[in-house]
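Let me begin by presenting the structure, written as C-alpha coordinates, before commenting on it.
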Amino acid sequence: MTQLGIYVQIPFCQTKCTYCNFHTGVVSSARFSPYVEALCAEIRGYEELYRSAGVALPEGFEKAAVDTVYIGGGTPSLLEPGLLQRVMDEIRGRFGNELHEVTLEADPETVETGKAAAWVSAGINRVSFGVQSFSDKELVGAGRMHRRADIYRAVPILREAGIRNISFDLIAGLPYQTKESWRDSLEELGKLGPEHVSVYLLEVDEGSRLGKELLAGGARYSAGAVPGDDEMAEFYETACEFLGDLGYHHYEISNWAKPGFESTHNLKYLRREPYLGFGAGAHSFSGTQRWANAHDAADYVSAIQAERLPVEQREPVTRESALEEELFLGLRQLDGIDVGRIERVYGVSLAPRFEGLESAGLVKRDGNVVRLAPAKLSVSNEVFVELMR
Ligand code: SF4
(Lines give C-alpha, C1' and ligand atoms only; values in the text may rest on other atoms or scores of the structure.)
Protein backbone atom coordinates (compact mmCIF):
# COMPACT_ATOMS: atom_id res chain seq x y z
CA MET A 1 0.00 0.00 0.00
CA THR A 2 1.25 3.51 -0.82
CA GLN A 3 2.62 5.45 2.13
CA LEU A 4 1.58 9.07 1.76
CA GLY A 5 3.29 12.15 3.15
CA ILE A 6 1.32 15.15 4.34
CA TYR A 7 2.64 18.69 4.22
CA VAL A 8 0.87 21.42 6.20
CA GLN A 9 1.66 25.03 5.41
CA ILE A 10 1.49 27.72 8.13
CA PRO A 11 2.37 30.90 6.21
CA PHE A 12 2.85 33.30 9.15
CA CYS A 13 6.01 34.85 10.60
CA GLN A 14 6.88 37.44 13.23
CA THR A 15 8.97 39.51 10.82
CA LYS A 16 10.16 39.08 7.27
CA CYS A 17 13.81 37.99 7.00
CA THR A 18 15.63 39.97 4.31
CA TYR A 19 16.59 36.88 2.29
CA CYS A 20 13.18 35.18 2.50
CA ASN A 21 11.59 34.31 -0.83
CA PHE A 22 8.69 32.30 0.58
CA HIS A 23 5.05 33.37 0.42
CA THR A 24 4.72 34.18 4.10
CA GLY A 25 3.22 37.14 5.87
CA VAL A 26 3.38 39.01 9.15
CA VAL A 27 -0.24 39.16 10.32
CA SER A 28 -2.21 39.68 13.51
CA SER A 29 -2.40 36.52 15.65
CA ALA A 30 -6.20 36.90 15.45
CA ARG A 31 -5.90 35.39 11.96
CA PHE A 32 -4.26 32.17 13.12
CA SER A 33 -7.40 30.46 14.40
CA PRO A 34 -9.59 31.04 11.26
CA TYR A 35 -6.68 29.82 9.16
CA VAL A 36 -6.38 26.62 11.20
CA GLU A 37 -10.14 26.08 10.95
CA ALA A 38 -9.85 26.35 7.15
CA LEU A 39 -6.92 23.92 7.17
CA CYS A 40 -8.91 21.41 9.22
CA ALA A 41 -11.86 21.77 6.83
CA GLU A 42 -9.54 21.09 3.89
CA ILE A 43 -8.07 18.00 5.55
CA ARG A 44 -11.56 16.70 6.49
CA GLY A 45 -13.15 17.28 3.10
CA TYR A 46 -10.18 16.99 0.77
CA GLU A 47 -11.65 14.36 -1.57
CA GLU A 48 -14.78 16.39 -2.32
CA LEU A 49 -12.78 19.63 -2.55
CA TYR A 50 -10.33 18.04 -5.02
CA ARG A 51 -13.17 16.72 -7.17
CA SER A 52 -14.73 20.16 -7.44
CA ALA A 53 -11.32 21.74 -8.19
CA GLY A 54 -10.63 19.32 -11.05
CA VAL A 55 -7.98 17.29 -9.21
CA ALA A 56 -8.37 13.59 -10.02
CA LEU A 57 -6.81 11.18 -7.53
CA PRO A 58 -5.60 7.85 -8.94
CA GLU A 59 -7.70 4.80 -8.19
CA GLY A 60 -7.12 3.33 -4.74
CA PHE A 61 -5.57 6.55 -3.45
CA GLU A 62 -8.17 6.85 -0.68
CA LYS A 63 -6.77 3.65 0.87
CA ALA A 64 -3.24 5.06 1.10
CA ALA A 65 -1.84 5.22 4.62
CA VAL A 66 -0.01 8.28 5.90
CA ASP A 67 3.30 7.79 7.66
CA THR A 68 4.91 11.25 7.63
CA VAL A 69 3.65 14.75 8.40
CA TYR A 70 5.66 17.93 7.93
CA ILE A 71 4.31 21.18 9.40
CA GLY A 72 6.27 23.95 7.73
CA GLY A 73 6.04 27.60 6.94
CA GLY A 74 6.47 30.32 7.76
CA THR A 75 6.97 29.79 11.45
CA PRO A 76 4.45 27.18 12.60
CA SER A 77 5.98 27.19 16.10
CA LEU A 78 4.41 30.65 16.50
CA LEU A 79 0.95 29.11 16.78
CA GLU A 80 -0.68 28.30 20.07
CA PRO A 81 0.05 24.58 20.60
CA GLY A 82 -3.72 23.96 20.85
CA LEU A 83 -4.05 24.98 17.20
CA LEU A 84 -1.33 22.55 16.15
CA GLN A 85 -3.09 19.87 18.21
CA ARG A 86 -6.31 20.61 16.23
CA VAL A 87 -4.43 20.04 12.97
CA MET A 88 -2.85 16.80 14.22
CA ASP A 89 -6.21 15.50 15.51
CA GLU A 90 -7.75 16.19 12.12
CA ILE A 91 -4.92 14.38 10.32
CA ARG A 92 -5.21 11.35 12.60
CA GLY A 93 -8.99 11.32 12.27
CA ARG A 94 -8.76 11.35 8.49
CA PHE A 95 -5.59 9.34 7.79
CA GLY A 96 -5.00 7.12 10.82
CA ASN A 97 -2.55 6.84 13.64
CA GLU A 98 0.48 5.20 12.07
CA LEU A 99 2.52 8.39 11.89
CA HIS A 100 6.17 7.51 11.92
CA GLU A 101 7.77 10.94 11.46
CA VAL A 102 5.99 14.19 12.41
CA THR A 103 8.12 17.29 11.91
CA LEU A 104 7.48 20.83 13.12
CA GLU A 105 9.54 23.74 11.86
CA ALA A 106 10.46 25.89 14.85
CA ASP A 107 12.42 29.09 15.23
CA PRO A 108 14.66 29.28 18.31
CA GLU A 109 13.00 32.33 19.90
CA THR A 110 9.56 30.65 19.86
CA VAL A 111 10.58 27.58 21.87
CA GLU A 112 9.22 27.47 25.45
CA THR A 113 8.96 24.63 27.95
CA GLY A 114 5.15 24.46 27.95
CA LYS A 115 4.95 24.67 24.19
CA ALA A 116 7.53 21.94 23.62
CA ALA A 117 5.67 19.57 25.98
CA ALA A 118 2.41 20.30 24.13
CA TRP A 119 4.08 19.62 20.76
CA VAL A 120 5.19 16.21 21.99
CA SER A 121 1.72 15.37 23.27
CA ALA A 122 0.29 16.44 19.89
CA GLY A 123 2.49 13.72 18.34
CA ILE A 124 5.36 15.84 17.03
CA ASN A 125 8.57 13.80 17.22
CA ARG A 126 10.96 15.81 15.05
CA VAL A 127 11.84 19.50 15.07
CA SER A 128 13.39 21.27 12.13
CA PHE A 129 15.12 24.11 13.86
CA GLY A 130 15.76 27.39 12.03
CA VAL A 131 19.27 28.08 13.38
CA GLN A 132 20.71 29.64 10.17
CA SER A 133 23.87 30.92 11.94
CA PHE A 134 25.50 31.19 15.39
CA SER A 135 26.75 34.71 14.66
CA ASP A 136 24.60 37.54 16.05
CA LYS A 137 26.02 39.90 13.47
CA GLU A 138 24.81 37.65 10.66
CA LEU A 139 21.44 37.04 12.33
CA VAL A 140 20.86 40.79 12.77
CA GLY A 141 22.01 41.45 9.20
CA ALA A 142 19.54 38.89 7.85
CA GLY A 143 16.64 40.31 9.87
CA ARG A 144 16.25 37.18 12.00
CA MET A 145 14.40 37.43 15.33
CA HIS A 146 16.61 35.06 17.31
CA ARG A 147 20.15 35.35 18.59
CA ARG A 148 22.86 32.81 19.34
CA ALA A 149 21.77 32.60 23.00
CA ASP A 150 18.24 31.54 21.94
CA ILE A 151 19.68 28.46 20.22
CA TYR A 152 21.48 27.31 23.39
CA ARG A 153 18.34 28.01 25.45
CA ALA A 154 15.97 26.17 23.09
CA VAL A 155 17.83 22.92 22.38
CA PRO A 156 17.78 21.59 26.01
CA ILE A 157 14.07 22.51 26.22
CA LEU A 158 13.36 20.37 23.15
CA ARG A 159 15.48 17.51 24.48
CA GLU A 160 13.85 17.62 27.91
CA ALA A 161 10.41 17.58 26.29
CA GLY A 162 11.40 14.30 24.60
CA ILE A 163 12.34 15.37 21.06
CA ARG A 164 14.93 12.82 19.96
CA ASN A 165 15.22 13.99 16.37
CA ILE A 166 16.32 17.57 15.75
CA SER A 167 17.43 19.02 12.44
CA PHE A 168 19.42 22.27 12.22
CA ASP A 169 19.20 24.56 9.18
CA LEU A 170 22.26 26.64 8.36
CA ILE A 171 22.60 29.19 5.55
CA ALA A 172 25.90 29.67 3.73
CA GLY A 173 26.24 33.15 2.26
CA LEU A 174 24.53 35.38 4.84
CA PRO A 175 25.71 39.02 4.98
CA TYR A 176 28.87 39.42 7.12
CA GLN A 177 29.64 35.69 7.01
CA THR A 178 33.37 34.91 6.95
CA LYS A 179 35.40 31.75 6.79
CA GLU A 180 35.93 32.03 10.57
CA SER A 181 32.30 32.74 11.47
CA TRP A 182 31.13 29.87 9.26
CA ARG A 183 33.59 27.52 10.92
CA ASP A 184 32.35 28.73 14.31
CA SER A 185 28.72 27.99 13.34
CA LEU A 186 29.69 24.48 12.28
CA GLU A 187 31.65 23.90 15.49
CA GLU A 188 28.78 25.09 17.69
CA LEU A 189 26.41 22.87 15.73
CA GLY A 190 28.78 19.96 16.34
CA LYS A 191 28.66 20.61 20.11
CA LEU A 192 24.86 20.57 20.18
CA GLY A 193 24.77 17.37 18.10
CA PRO A 194 21.53 17.52 16.08
CA GLU A 195 20.54 14.27 14.37
CA HIS A 196 20.10 15.98 11.00
CA VAL A 197 21.56 19.04 9.29
CA SER A 198 20.46 21.05 6.24
CA VAL A 199 22.85 23.54 4.68
CA TYR A 200 21.36 25.93 2.13
CA LEU A 201 23.19 28.42 -0.04
CA LEU A 202 21.75 31.93 0.06
CA GLU A 203 19.38 32.30 -2.90
CA VAL A 204 19.62 35.51 -4.85
CA ASP A 205 16.40 36.15 -6.73
CA GLU A 206 13.63 38.70 -7.17
CA GLY A 207 11.56 36.96 -4.50
CA SER A 208 13.39 38.50 -1.53
CA ARG A 209 14.28 42.06 -0.54
CA LEU A 210 17.95 41.17 -0.27
CA GLY A 211 17.90 39.30 -3.59
CA LYS A 212 16.29 42.25 -5.39
CA GLU A 213 18.82 44.63 -3.88
CA LEU A 214 21.74 42.43 -4.91
CA LEU A 215 20.40 42.10 -8.46
CA ALA A 216 19.99 45.89 -8.62
CA GLY A 217 23.55 46.40 -7.33
CA GLY A 218 22.32 48.31 -4.26
CA ALA A 219 23.59 48.28 -0.69
CA ARG A 220 20.43 48.10 1.42
CA TYR A 221 19.80 45.01 3.64
CA SER A 222 23.57 44.59 4.08
CA ALA A 223 23.79 43.58 0.42
CA GLY A 224 27.36 44.88 0.27
CA ALA A 225 28.38 42.36 2.96
CA VAL A 226 27.15 39.24 1.14
CA PRO A 227 30.03 36.83 0.41
CA GLY A 228 30.87 36.11 -3.23
CA ASP A 229 29.96 32.91 -5.07
CA ASP A 230 33.42 31.41 -4.63
CA GLU A 231 33.36 32.03 -0.89
CA MET A 232 29.88 30.51 -0.65
CA ALA A 233 31.08 27.42 -2.52
CA GLU A 234 34.03 27.21 -0.12
CA PHE A 235 31.68 27.42 2.89
CA TYR A 236 29.65 24.57 1.45
CA GLU A 237 32.75 22.46 0.90
CA THR A 238 33.93 23.15 4.46
CA ALA A 239 30.53 21.95 5.68
CA CYS A 240 30.83 18.74 3.62
CA GLU A 241 34.19 17.97 5.17
CA PHE A 242 33.29 19.03 8.70
CA LEU A 243 29.99 17.15 8.85
CA GLY A 244 31.55 14.07 7.23
CA ASP A 245 34.24 14.06 9.96
CA LEU A 246 31.50 14.21 12.60
CA GLY A 247 29.90 11.07 11.17
CA TYR A 248 26.98 12.63 9.34
CA HIS A 249 25.86 10.83 6.19
CA HIS A 250 25.59 13.24 3.25
CA TYR A 251 22.51 11.86 1.46
CA GLU A 252 21.22 14.83 -0.52
CA ILE A 253 22.95 17.96 -1.83
CA SER A 254 21.70 20.04 1.13
CA ASN A 255 21.10 17.33 3.73
CA TRP A 256 23.14 15.29 6.18
CA ALA A 257 21.97 12.82 8.83
CA LYS A 258 23.33 10.67 11.60
CA PRO A 259 22.81 7.03 10.52
CA GLY A 260 19.09 6.24 10.44
CA PHE A 261 17.96 9.88 10.77
CA GLU A 262 17.53 10.72 7.09
CA SER A 263 14.21 12.56 6.74
CA THR A 264 11.62 10.05 5.55
CA HIS A 265 9.32 12.89 4.51
CA ASN A 266 11.93 14.67 2.38
CA LEU A 267 12.92 11.37 0.79
CA LYS A 268 9.34 11.08 -0.50
CA TYR A 269 9.82 14.29 -2.50
CA LEU A 270 13.14 13.01 -3.84
CA ARG A 271 11.78 9.58 -4.73
CA ARG A 272 8.64 10.99 -6.37
CA GLU A 273 6.34 9.34 -3.86
CA PRO A 274 2.89 10.91 -3.39
CA TYR A 275 2.15 13.61 -0.85
CA LEU A 276 -0.74 15.92 -0.12
CA GLY A 277 -0.18 19.53 0.82
CA PHE A 278 -2.78 21.37 2.88
CA GLY A 279 -2.96 25.13 3.41
CA ALA A 280 -2.24 28.29 1.42
CA GLY A 281 0.39 27.74 -1.27
CA ALA A 282 0.84 24.04 -0.40
CA HIS A 283 1.91 21.76 -3.25
CA SER A 284 0.69 18.19 -3.81
CA PHE A 285 1.67 15.25 -5.98
CA SER A 286 -0.48 12.20 -6.63
CA GLY A 287 1.86 10.36 -9.01
CA THR A 288 -0.16 11.49 -12.04
CA GLN A 289 -0.83 15.17 -11.24
CA ARG A 290 0.86 18.06 -9.45
CA TRP A 291 -1.14 20.95 -8.08
CA ALA A 292 -0.82 23.88 -5.69
CA ASN A 293 -3.24 25.88 -3.58
CA ALA A 294 -3.51 29.67 -3.88
CA HIS A 295 -0.75 31.48 -1.99
CA ASP A 296 -2.73 34.25 -0.39
CA ALA A 297 -3.77 33.08 3.09
CA ALA A 298 -6.86 35.34 3.26
CA ASP A 299 -8.07 34.14 -0.18
CA TYR A 300 -7.45 30.56 0.89
CA VAL A 301 -9.54 30.98 4.07
CA SER A 302 -12.43 32.67 2.20
CA ALA A 303 -12.45 29.99 -0.49
CA ILE A 304 -12.50 27.13 2.02
CA GLN A 305 -15.27 28.88 3.99
CA ALA A 306 -17.21 28.92 0.71
CA GLU A 307 -16.49 25.16 0.41
CA ARG A 308 -14.18 25.68 -2.55
CA LEU A 309 -10.51 24.74 -2.94
CA PRO A 310 -8.51 27.58 -4.50
CA VAL A 311 -6.15 25.59 -6.77
CA GLU A 312 -3.73 27.88 -8.60
CA GLN A 313 -1.72 25.39 -10.63
CA ARG A 314 -2.75 21.98 -11.85
CA GLU A 315 -0.55 19.99 -14.20
CA PRO A 316 -0.66 16.42 -15.38
CA VAL A 317 2.65 14.61 -15.00
CA THR A 318 3.57 13.58 -18.52
CA ARG A 319 6.08 10.85 -19.32
CA GLU A 320 8.58 13.54 -20.36
CA SER A 321 8.13 15.59 -17.20
CA ALA A 322 8.34 12.45 -15.04
CA LEU A 323 11.65 11.56 -16.70
CA GLU A 324 13.02 15.10 -16.14
CA GLU A 325 12.01 14.86 -12.47
CA GLU A 326 13.71 11.47 -12.11
CA LEU A 327 16.97 12.89 -13.44
CA PHE A 328 16.86 16.14 -11.48
CA LEU A 329 15.78 14.57 -8.19
CA GLY A 330 18.04 11.55 -8.69
CA LEU A 331 21.13 13.70 -9.11
CA ARG A 332 20.28 15.66 -5.95
CA GLN A 333 20.78 12.41 -4.02
CA LEU A 334 24.34 11.35 -3.31
CA ASP A 335 23.40 7.74 -4.14
CA GLY A 336 22.80 8.99 -7.69
CA ILE A 337 20.63 7.68 -10.49
CA ASP A 338 20.11 4.03 -11.34
CA VAL A 339 20.40 4.46 -15.10
CA GLY A 340 19.29 0.89 -15.90
CA ARG A 341 16.03 1.29 -13.96
CA ILE A 342 15.15 4.59 -15.61
CA GLU A 343 15.96 3.27 -19.08
CA ARG A 344 13.73 0.25 -18.45
CA VAL A 345 10.83 2.25 -17.01
CA TYR A 346 10.88 5.05 -19.59
CA GLY A 347 12.14 3.10 -22.63
CA VAL A 348 14.89 5.65 -23.32
CA SER A 349 18.64 5.58 -23.64
CA LEU A 350 20.33 8.03 -21.28
CA ALA A 351 23.82 7.59 -22.71
CA PRO A 352 23.60 10.59 -25.10
CA ARG A 353 22.42 12.78 -22.23
CA PHE A 354 25.20 11.85 -19.83
CA GLU A 355 28.15 11.50 -22.19
CA GLY A 356 28.64 15.26 -22.59
CA LEU A 357 28.17 15.88 -18.86
CA GLU A 358 30.65 13.15 -18.00
CA SER A 359 33.33 14.43 -20.34
CA ALA A 360 32.79 17.95 -18.95
CA GLY A 361 33.48 16.51 -15.48
CA LEU A 362 30.00 17.39 -14.19
CA VAL A 363 28.86 13.84 -13.41
CA LYS A 364 30.60 10.55 -12.69
CA ARG A 365 29.47 7.19 -13.97
CA ASP A 366 30.11 4.05 -11.97
CA GLY A 367 28.59 1.06 -13.79
CA ASN A 368 24.88 1.72 -13.92
CA VAL A 369 24.96 4.59 -11.42
CA VAL A 370 25.43 8.25 -12.35
CA ARG A 371 26.19 10.81 -9.65
CA LEU A 372 27.07 14.48 -9.52
CA ALA A 373 30.86 14.84 -9.50
CA PRO A 374 31.83 15.61 -5.86
CA ALA A 375 33.48 18.89 -6.90
CA LYS A 376 30.21 20.00 -8.54
CA LEU A 377 27.92 19.59 -5.54
CA SER A 378 28.27 23.28 -4.66
CA VAL A 379 27.36 24.36 -8.21
CA SER A 380 24.68 21.76 -8.85
CA ASN A 381 22.37 24.30 -10.50
CA GLU A 382 24.85 24.73 -13.33
CA VAL A 383 24.85 20.97 -13.85
CA PHE A 384 21.04 20.86 -13.86
CA VAL A 385 20.88 23.60 -16.48
CA GLU A 386 23.20 21.53 -18.70
CA LEU A 387 21.22 18.36 -18.01
CA MET A 388 17.89 19.90 -19.06
CA ARG A 389 19.24 21.41 -22.30
S1 SF4 B 1 11.27 32.83 9.44
FE2 SF4 B 1 11.59 31.64 7.54
S3 SF4 B 1 9.65 31.82 6.42
FE4 SF4 B 1 9.65 33.42 8.00
S5 SF4 B 1 10.42 35.25 6.99
FE6 SF4 B 1 12.20 34.23 7.93
S7 SF4 B 1 13.01 32.88 6.33
FE8 SF4 B 1 10.94 33.48 5.70
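List of remarks:
- Residue within segment 343-353 that is part of a helix (DSSP H, G or I), without any contact (Cβ under 8 Å) to a residue 24 or more places away in the chain and closer than 17 Å to residue 273 by Cα present: yes
- Test: residue in segment 164-173 that is farther than 27 Å from residue 120 by Cβ and within 13 Å of the ligand (Cβ to nearest atom): yes
- Whether a residue is assigned to a helix (DSSP H, G or I), of a type outside the set (A, V, I, L, M) and in contact (Cβ under 8 Å) with a residue 40 or more places away in the chain was assessed, and residue 150 passes this test.
- Scope segment 47-106; condition over 25 Å from residue 32 (Cα atoms), among the charged types (D, E, K, R), in contact (Cβ under 8 Å) with a residue 24 or more places away in the chain and surrounded by fewer than 19 Cβ atoms within 10 Å (Cβ to Cβ); matching residues: 63, 98
- The listed residues are 60, 93, 73, 162, and the only one of them that is within 28 Å of residue 191 (Cα to Cα) and out of contact with any strand residue (DSSP E or B) (no Cβ under 8 Å at 6 or more places or on another chain) turns out to be 162.
- Here residue 101 does not fit the description of being away from the ligand (no atom under 16 Å from the Cβ), over 30 Å from residue 164 (Cβ atoms) and either over 17 Å from the mean Cα position of the chain (by Cα) or not polar (S, T, N, Q) (or both).
- Looking only at residues of segment 177-199 that are out of contact with any strand residue (DSSP E or B) (no Cβ under 7 Å at 6 or more places or on another chain) and among the hydroxyl-bearing types (Ser, Thr, Tyr), we find that the one that is surrounded by the fewest Cβ atoms within 10 Å (Cβ to Cβ) is 178.
- Number of the exception - residue 291 against (1) open to solvent by 10 Å² or more (accessible area, probe 1.4 Å); (2) touching a residue at least 12 places away in the same chain (Cβ under 8 Å); (3) not in a loop (DSSP other than H, G, I, E, B): (1)
- Checking residue 120 against (1) at pLDDT below 95; (2) part of a helix (DSSP H, G or I), the condition it does not meet: (1)
- Selection over segment 200-219 of residues that are buried (at least 17 other Cβ atoms within 10 Å of the Cβ) and part of a loop (DSSP other than H, G, I, E, B) gives a count of 3.
- Selection count, segment 129-145, where residues are open to solvent by less than 10 Å² (accessible area, probe 1.4 Å) and touching a strand residue (DSSP E or B) at 6+ places or on another chain (Cβ under 8 Å): 7
- Restricted to segment 1-32, and to residues there that are part of a helix (DSSP H, G or I) and either open to solvent by 50 Å² or more (accessible area, probe 1.4 Å) or of a type in the set (Asp, Glu) (or both), the residue that is farthest from the ligand (Cβ to nearest atom) is 30.
- Hits in segment 65-98 (condition: on the phi > 0 side of the Ramachandran plot and away from the ligand (no atom under 16 Å from the Cβ)): 96
- Scanning segment 324-350 for residues that are more than 16 Å from residue 383 (Cα to Cα) and surrounded by fewer than 17 Cβ atoms within 10 Å (Cβ to Cβ) yields 335, 338, 340, 341, 343, 344, 345, 346, 347, 348, 349.
The values are calculated or read from the model by the stated rules, or taken from the named source; none is laboratory data. The model shown is predicted, which means the values in this text are computed figures rather than measured ones. Ideal geometry is used to build each Cβ from the backbone, glycine not excepted, and the neighbour counts take in all protein chains shown. The protein model used for the area step is the full one, side chains on, heavy atoms only, and it has no ligands, DNA or RNA in it. Shrake-Rupley method; radii C 1.70, N 1.55, O 1.52, S 1.80 Å.
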